[in-house]
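Attaching a single structure in structure tokens format; questions to follow.
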Amino acid sequence: MRLLIMGPPGAGKGTQAKAVADHFSVPAISTGDIFRANVSGGTPLGIEAKKYMDAGEYVPDEVTNNMVRSRIAESDAEKGFLLDGYPRTLAQVTELDAMVDATGHRIDAVLVLTVDQEAVVERLLKRAEIDGRADDTEDVIRRRLEVYAEETEPLIEVYAARNLVVEVDGMGEIADVQQRIFEALDVVPQS
Ligand code: ADP
């Protein structure tokens with residue numbers, strides 16, 4: 001199973017990605033989490049990425065593509081993966097296609113979580129109080145939403161043209177959203 005999960009910042013991608021990935025016994029690979037781990041560890045990648053992340057901008061494609069290429073080449077991703085937060089630009093779509101083609105596989109579905117923009121800002125501001133993520137200030141949140149609309153939203157059309165998009169309403173309780181996702185993917189949650 002090779003899945004992508006898309007949606008604006010604050011759509012709840014990370015939470016839902018874990019449940020879906022567990023169900024299919026594949027790793028949930030979050031580029032945001034990998035970048036944050038590198039920032040915490042003070043690695044050269046983290047130092048480079050932090051400049052962009054703190055401003056709500058995307059890390060350059062080349063840096064991100066190389067990171068994803070090496071991550072999905074690891075043995076736990078051989079049978080599949082769920083990518084959360086990648087691809088986010090058209091150039092990343094092209095790169096991912098090449099990476100997946102090279103293994104003789106294809107992307108099976110692209111899960112799109114839809115949410116109301118104001119609700120998302122509220123969720124992210126609340127999260128900022130709890131985990132204190134550096135990019136959860138109101139100005140940076142607005143910028144991340146803008147960048148998402150400009151650079152990433154158009155990718156939904158690209159995948160829709162390939163008939164891969166599975167759209168799910170991301171509003172409401174976590175468990176309800178999860179239920180909708182499993183129904184949309186036509187499987188029953190394992191619990
Ligand atoms: P969110 O979806 O809430 O904005 P993420 O944790 O997915 O948060 O990403 C945090 C930040 O990491 C992004 O704002 C961006 O700077 C960087 N990032 C994550 N994935 C990518 C990507 N595919 N391309 C470029 N930058 C990325």
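Once the whole set of protein chains is in place, how much accessible area is left on Phe24, using a 1.4 Å probe, in Å² to the nearest 10?
Counting only protein heavy atoms, the figure is 50 Å².
Kindly provide the GluC sites (Glu not before Pro) of segment 58-102 that DSSP labels as loop, not H, G, I, E or B, and whose Cβ sees at most 16 other Cβ atoms within 10 Å.
Glu74, Glu78
Helix-only estimate, please: 222 nm mean residue ellipticity of the chain, summing -39500 (n - 2.57) across DSSP H runs of length 4 or more and dividing by its residues, to the nearest 500.
My calculation for the chain gives -16000 deg cm²/dmol from helical runs alone.
Taking a probe of 1.4 angstrom, what is the accessible area of Thr137 in Å², to the nearest 10?
Ignoring ligands and nucleic acids, Thr137 comes out at about 70 Å².
Moving to a separate point now. Skip the ligands, DNA and RNA, and give the accessible area per residue of segment 35-167 with a 1.4 Å probe, whole Å².
Dividing the accessible area of segment 35-167 by its residue count gives 54 Å².
Would you kindly find the accessible area of Val59, with a 1.4 Å probe and non-protein molecules such as ligands, DNA and RNA excluded, rounding to the nearest 10 Å²?
Here the accessible area works out near 10 Å².
Under a 10 Å cutoff between Cα atoms, tell me which one of Gly42, Gly85, Gly104 has the largest fluctuation in the Gaussian network model of the chain.
Gly104
Below 8 Å, C-alpha to C-alpha, sequence gap of six or more: please give me the relative contact order for the chain in percent.
Relative contact order, the chain: 32 percent.
Sticking with this one: Please list Met67, Met171 in order of solvent-accessible area, largest first, computed with a 1.4 Å probe with all protein chains present.
Result, largest first: Met171, Met67.
So, one more: Report in % the part of the accessible area of segment 95-191 that belongs to carbon and sulfur, leaving out ligands and nucleic acids; probe 1.4 Å.
46
Still on this model: Keeping all protein chains in place and using 1.4 angstrom, which order do Glu151, Glu167 fall into by accessible surface area, from largest down?
Glu167, Glu151
The values are calculated or read from the model by the stated rules, or taken from the named source; none is laboratory data. Predicted model, so just to flag it, every value in this text is computed and none were measured. Positions of Cβ are backbone-derived with ideal geometry, glycine not excepted, and every protein chain shown enters the neighbour counts. In case anyone asks, the SASA skips ligands and DNA or RNA and just uses the protein heavy atoms, side chains included. Shrake-Rupley method; radii C 1.70, N 1.55, O 1.52, S 1.80 Å.
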